[in-house]
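Beneath this line is the structure, given in C-alpha cells, with notes to follow.
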C-alpha cells in the first residue's frame, strides 16, 4: 500500500510559535494605543481562536497517525507540495520500526 501523505508536525509548530510569540505580542503592544484598543481586542480573539484550531488540527492528525500505525497503514510526512515524493518519504509503520 502506498503511504498516506500528511503535513509534517513542524508546520503546526511554526504557525503556533509565530502566532503565540510574535503576533499576540505585537497586538498587545499596539493595543496600548487607545484608538486601536477595541479593534485589536477583536483581532486578539481571532488569533487566539486560530491557535486553538491549529492545536485541535494537530491533535486530530496525531490521532489519525495512531490509527494508521495501529492498522499497519504507512504514512509519510510532507514538507511541501512541490518536493518530489521520494525525497519527502518518511514512512511510519510497525514493520519499519522493528527492522
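Label sites at residue 49 and residue 66, each approximated as a point 7 angstrom past Cα along Cα to Cβ, lie 2.8 nm apart. Expressed as a whole percent, the proportion of Cα-Cα pairs in the range 7-73 lying more than 19 Å apart is 47%. Here the extension length gained between residue 25 and residue 38 equals 3.1 nm, from 0.36 nm per residue of separation less the Cα-Cα distance. For the peptides 31-43, 1-13, the ranking by packing is 1-13, 31-43, with the highest mean count of neighbouring Cβ atoms within 10 Å listed first.
Each value in this text was obtained by applying a stated rule to the coordinates, not by laboratory testing. Since we're looking at a predicted model, the values are computed, not measured. Note that each Cβ is placed from the backbone with ideal geometry, even for glycine, and that neighbours are counted across all protein chains shown.
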